[in-house]
Protein chains: 2
Amino acid sequence: MIEWNNLDTLSTFNTLAKDTTPVVLSEVMSGEAGAERVHNYSIPMAAGLQYNYAAKEVNDEILGTLAALAEEAQLIQKFQALYNGEVINTGEKRLVLHQLTRGQLGDDVVADGVNKRDFYVAQQEKIAKFANAVHSGEITNAAGEKFSTVVQIGIGGSDLGPRAMYLALENWAKANDTFHMEAKFISNVDPDDASAVLQGTDLAHAIFILVSKSGTTLETLTNESFVKDALKKAGLDPAKHMIAVTSETSPLAKSEDYLAAFFMDDYIGGRFSSTSAVGGAVLSLAFGPEVFARFLAGAAEEDKLSTNQEVLKNPALLDALIGVYERNVLGYPSTAVLPYSQALSRFPAHLQQLDMESNGKSVNRFGEDISYVTGPIIFGEPGTNGQHSFYQLLHQGTNIVPLQFIGFRKSQIGNDVVIQDSTSQQKLCANVAAQIVAFSCGKSDENKNKAFAGNRPSSIIIGEQLTPESLGALLAHFENKVMFQGFVWNINSFDQEGVQLGKVLAKKVLSHETDGALKVYADLLNI
Amino acid sequence: MIEWNNLDTLSTFNTLAKDTTPVVLSEVMSGEAGAERVHNYSIPMAAGLQYNYAAKEVNDEILGTLAALAEEAQLIQKFQALYNGEVINTGEKRLVLHQLTRGQLGDDVVADGVNKRDFYVAQQEKIAKFANAVHSGEITNAAGEKFSTVVQIGIGGSDLGPRAMYLALENWAKANDTFHMEAKFISNVDPDDASAVLQGTDLAHAIFILVSKSGTTLETLTNESFVKDALKKAGLDPAKHMIAVTSETSPLAKSEDYLAAFFMDDYIGGRFSSTSAVGGAVLSLAFGPEVFARFLAGAAEEDKLSTNQEVLKNPALLDALIGVYERNVLGYPSTAVLPYSQALSRFPAHLQQLDMESNGKSVNRFGEDISYVTGPIIFGEPGTNGQHSFYQLLHQGTNIVPLQFIGFRKSQIGNDVVIQDSTSQQKLCANVAAQIVAFSCGKSDENKNKAFAGNRPSSIIIGEQLTPESLGALLAHFENKVMFQGFVWNINSFDQEGVQLGKVLAKKVLSHETDGALKVYADLLNI
């Protein structure tokens, strides 16, 4: 029987908060014992990745308490309930099925009268068929010419995840001869976003994907209109240049305005939708359905690891628990995501949505106030760029920021130069290794301005290369981490009521039903 | 006589910390009094911008104490000392002269035997002449063809600021017929960064700008080598395709490897260098020297406002003081920068460097430990995109994050569509107005999951349009804000010793002089 309890009612949490001696990283990471620690504090992930947490402020005792916390909070049982089809998103009374888009971890899940795994696979097959037909020239523009660009129109989860995944694999696909067409993205309601993308696009050879689960997202419908206007002005028929990704019940589903429609459903939240048709259509068109399938396979393999009851063999679970320790015991308010990979330049922006929209909550899953902190602020930029920017604060600022590094032994393109006896890839990797040790061990100096206190925790995920499989594994790792943390905090990670009030007030402004401060702001902005 | 004292020794700070009654935003922003407040709590900035702080947790009493704090901390006198040429960057024993690149606020500043204002103006004139010659076809590639792309090679301040400024004005320049050539940027030591940019560039018609003050930045030299290899492979002479922006004493300054060299100096920190040759070369080539001059004029006009002793007429000073109140009295650890303008998509990343690298310090300007917090974490993405992402946490999370909105009444391109009776630009502006009120006033609801606590502070900078002038004013506002905050915290905002340890350790890894944990990480990363 699963019990949903607040974190501060768990006896293991109180043990963790009161009875643990803090770990001094600059000590435990030193000398041969430090080397041992880096060897030992490491867990294999899917697709050859490795989660190394040696530079986190934990020891065997704390890890033991975290494992007991996982058991007391029934984290694995809750995950089982989720993938076996229970209504985990209680606020919206919905199942949570994004894992089912890439594999089946448990029972058959039947909803709306269909087996949902079959439903998601059928959509993938429909997309694959469509993408292959576009690539082969079976589906073309009205002039019988092949499409050469795909433009995704969507916002939030329909933009950040797919865009980050596209950028992550663009150069890999070019280097591996699986690159079919460039993808672009239109998201913002700012009219300059759509205008600029359209100005730079060969419209006659562009295929547009309209992505909106409800079919009513105002930004997306507005940008669709921009695209249709531009196509018409260019003498093109919009219906021959657009496809839709939406739910079966949306107004877009059966419209004749689209070449094809592919379906998602209410059981996949926007921020968890990269492995659904939301990511599937654009990534299959850009890189081919086989690449998208490999991405799903990496995610599925990682999902399986996340079902493991043994905390020290379950990277997402351990990552989640250490994060809770950092947030609720050590009191750190934010986490930086620092991929040493230019291809992951927008991965932090995706994780920012994934984490902050899921776990930025102040009431538990029963709508009751909680008295402990939940999701941290997530931000980040690729290394080594960040080293020449905000790392100053990370090293010497007055707040400690836990760091999530990501690094790969090999580049994607493989082109490199030797300067001062090392390649750029070696320099990149040397920098991330150096940073972990600099942050944890610090350095004393008589001149305090040149001293480093150290004891700044980090973990690193290391892989051979950023490929479709390892990207899928990375994505699933963080999705599962966020899910486990939501379980620990006893919150509903799958709704987002915090976005509603702004929408309601914006409508009032647009219909001029305002008074007081809102009216003055509207006047100042000339609305 | 200027005295440099720690914040916690100032009597006004102790008044602020102990004797002020917190302002309840949901009360003061309500009804007609709220409307009054929005009218009154507003200061004109340069280039038609306006700084509105009505939704900040201040009242006349707190503002009075902040003004007294500004006086006790001698903030304006310290700024005067800075622009009159005192050694404000004490750690590195350097003047701080970035304001002098766009105007002269005080005395003539002579250093290295030259009048520095004359020196910066001379560099601007050299750049303008060069850019005009490139645009007119006087300076061409070896085949006598015009250059059509400019690629900046630089990292940190040589990348983030210029890139953000370029993106901010790209569509404006296209709409105003001042667009001369596309700019691209190579920054990361990740070899895939340079490879990907070069793959997508028409090398025969590209001109490269190598930007490194010292001429020794490893990332930049490495990427220069990438570029030279690619040019040679394409049968082109690198010396005919490259210019340098560097200091006069750098090895790049008189090299025959470059078409031309333009100079900056040690008195301009990387993160403050967008108005120097570092931003000047790429922006003048992309948009023409006249546009760069207009950008400088906006910054100069804003700088002048920043010299005003009256806090309520000095937007950068007031912004700085409110930020200190939020950080050191209210205890907020981070600030989000939220431009409602897709053109400002990378402006938050630039401010992240500017603020966090300047003020992420734990010792005062005399190298003594301080016992109060300094610079916050800065992050942000454009609205409305962020509304569909991390705003959930901002509205309903357990930590309060002060917000810096930016909005413009007009778009840059001017192309728009009417959907549901409003244009996209109106929707964009309605959203930012709505968010300010949603964050400050909140909304009660019996269902606590749908309730908004409100009392989440924000300010907004409103302008007519994002133009070269208003962009320059925006940039200078934040540069000056960061400077004033550094003065309040009694830290040196102009050095960055926190970046050194990582560099030293990375060198050790590359020369295989490691042991312990560092060696194991190096092994794991195959170096």
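The values are calculated or read from the model by the stated rules, or taken from the named source; none is laboratory data. Here the structure is a predicted model, which is why all the values come from computation and not from measurement. Virtual Cβ from ideal backbone geometry, glycine too; neighbours counted across all protein chains shown.
Please verify whether B:ASP495 is part of a loop (DSSP other than H, G, I, E, B) and within 12 Å of chain A (Cβ to nearest Cβ), treating the condition exactly as stated.
In short, yes.
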Worksheet item: Restricting attention to the stretch A:45-57, does a residue exist that is under 22 Å from A:PHE478 (Cβ atoms), within 14 Å of chain B (Cβ to nearest Cβ), surrounded by fewer than 22 Cβ atoms within 10 Å (Cβ to Cβ) and out of contact with any helix residue (DSSP H, G or I) (no Cβ under 7 Å at 6 or more places or on another chain)?
Response: yes
Item to complete: Consider B:ALA434 carefully, then state whether it is at the interface with chain A (Cβ under 7 Å from one of its Cβ atoms), free of Cβ contacts under 8 Å to residues at least 40 places away in the same chain and under 30 Å from A:SER225 (Cα atoms).
Response: yes
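Kindly establish whether B:GLU357 is among the acidic types (Asp, Glu) and closer than 12 Å to B:LEU338 by Cα. Talk me through it step by step, then tell me what you get.
Details: among the acidic types (Asp, Glu): yes; closer than 12 Å to B:LEU338 by Cα: no.
Spelling it out, it is not the case that B:GLU357 is among the acidic types (Asp, Glu) and closer than 12 Å to B:LEU338 by Cα.
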Fill in: Single residue of the stretch B:303-318 satisfying the filter (crowded, with 24+ Cβ neighbours inside 10 Å and part of a helix (DSSP H, G or I)) that is farthest from the other protein chains (Cβ to nearest Cβ)
B:ASP303
Worksheet item: Within the stretch A:337-367, how many residues are crowded, with 24+ Cβ neighbours inside 10 Å, outside any helix (DSSP H, G or I) and hydrophobic (A, V, I, L, M, F, W, C)?
Response: 1
Discussion item. Of a type in the set (Val, Ile, Thr), at pLDDT 95 or above and closer than 21 Å to A:ASP237 by Cβ: is that true of A:ILE155 in this structure?
Written reply: no
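Would you point out the residue of the stretch B:402-426, among those that are more than 20 Å from B:TRP172 (Cα to Cα) and within 7 Å of another protein chain (Cβ to nearest Cβ), that is nearest to the chain's Cα centre (by Cα)?
The qualifying residue nearest to the chain's Cα centre (by Cα) is B:SER422.
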Worksheet item: Can you name the residue in the stretch A:236-284 that is surrounded by fewer than 22 Cβ atoms within 10 Å (Cβ to Cβ) and among the hydroxyl-bearing types (Ser, Thr, Tyr) and is also nearest to the chain's Cα centre (by Cα) among such residues?
Response: A:SER247
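Condition check: buried (at least 24 other Cβ atoms within 10 Å of the Cβ) and part of a helix (DSSP H, G or I). Does B:ASN449 satisfy that?
Here the answer is no, as B:ASN449 does not meet what is asked.
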Discussion item. I'm checking my understanding of the structure. Among residues of the stretch A:22-38 that are in contact (Cβ under 8 Å) with a residue 40 or more places away in the chain and farther than 11 Å from A:ALA54 by Cβ, which one is farthest from the other protein chains (Cβ to nearest Cβ)?
Written reply: A:PRO22
Item to complete: Tell me which residues, restricted to the stretch B:89-105, are closer than 18 Å to B:LEU317 by Cβ and more than 20 Å from the chain's Cα centre (by Cα).
Response: B:LEU105
Response to the item:
Note on B:ALA122: of the conditions (1) farther than 26 Å from B:VAL282 by Cβ; (2) surrounded by fewer than 15 Cβ atoms within 10 Å (Cβ to Cβ); (3) out of contact with any strand residue (DSSP E or B) (no Cβ under 7 Å at 6 or more places or on another chain), unmet is (1)
Discussion item. It is to be established whether one or more residues within the stretch B:127-134 are closer than 30 Å to A:ASN447 by Cβ, surrounded by fewer than 19 Cβ atoms within 10 Å (Cβ to Cβ) and among the charged types (D, E, K, R).
Written reply: no
Worksheet item: Looking at B:VAL291, B:VAL282, which is the one that is farther than 20 Å from B:LEU210 by Cβ and part of a helix (DSSP H, G or I)?
Response: B:VAL291
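Report yes if some residue within the stretch B:486-496 is in contact (Cβ under 8 Å) with a residue 24 or more places away in the chain and under 22 Å from B:TYR41 (Cβ atoms); otherwise report no.
Looking only at the stretch B:486-496, we keep the residues that are in contact (Cβ under 8 Å) with a residue 24 or more places away in the chain, and these are B:486-496.
Restricting the remaining residues to those that are under 22 Å from B:TYR41 (Cβ atoms) gives B:488.
Within the stretch B:486-496, one or more residues are in contact (Cβ under 8 Å) with a residue 24 or more places away in the chain and under 22 Å from B:TYR41 (Cβ atoms).
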Discussion item. Return the pair list, or none, for Cβ contacts closer than 8 Å from residues in the stretch A:220-236 that are more than 9 Å from every other protein chain (Cβ to nearest Cβ) to residues that are surrounded by fewer than 18 Cβ atoms within 10 Å (Cβ to Cβ) and outside any helix (DSSP H, G or I), at least 6 apart or on different chains.
Written reply: A:LEU231/A:ASP237; A:LEU236/A:ALA142
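Looking for whichever is of a type outside the set (A, V, I, L, M, F, W, C) and in contact with a helix residue (DSSP H, G or I) (Cβ under 9 Å, 6 or more places away or on another chain) here; the options are A:GLY331, A:GLY380. Which one fits? Quick ask: steps written out before the conclusion?
Working: A:GLY331 fails: in contact with a helix residue (DSSP H, G or I) (Cβ under 9 Å, 6 or more places away or on another chain).
From the options A:GLY331, A:GLY380, the qualifying one is A:GLY380.
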Worksheet item: Going by the structure shown, is A:ASP202 in contact (Cβ under 8 Å) with a residue 40 or more places away in the chain and surrounded by fewer than 22 Cβ atoms within 10 Å (Cβ to Cβ)?
Response: yes
Discussion item. Regarding the stretch A:473-490, can at least one residue be identified that is touching a strand residue (DSSP E or B) at 6+ places or on another chain (Cβ under 6 Å) and either closer than 21 Å to A:GLU170 by Cα or at pLDDT 95 or above (or both)?
Written reply: no
Practice prompt. Of the conditions (1) facing chain B (nearest Cβ under 7 Å); (2) among the polar types (S, T, N, Q); (3) part of a loop (DSSP other than H, G, I, E, B); (4) farther than 29 Å from A:PRO333 by Cα, A:GLN465 clears all except one; give me its number.
Written response: (1)
Worksheet item: Given the structure, is B:ALA297 modelled with pLDDT of 95 or more and in a helix (DSSP H, G or I)?
Response: yes
Worksheet entry | Filter pass, A:SER444 being more than 21 Å from A:GLY48 (Cβ to Cβ), among the small types (Gly, Ala, Ser) and out of contact with any helix residue (DSSP H, G or I) (no Cβ under 9 Å at 6 or more places or on another chain) | yes
Worksheet item: Would the stretch A:183-191 turn up any residue that is in a helix (DSSP H, G or I), surrounded by 24 or more Cβ atoms within 10 Å (Cβ to Cβ) and over 23 Å from the mean Cα position of the chain (by Cα)?
Response: yes
Worksheet item: Being closer than 24 Å to B:GLY472 by Cα, touching a residue at least 24 places away in the same chain (Cβ under 8 Å) and part of a loop (DSSP other than H, G, I, E, B), is that true of even one residue in the stretch B:157-170?
Response: yes
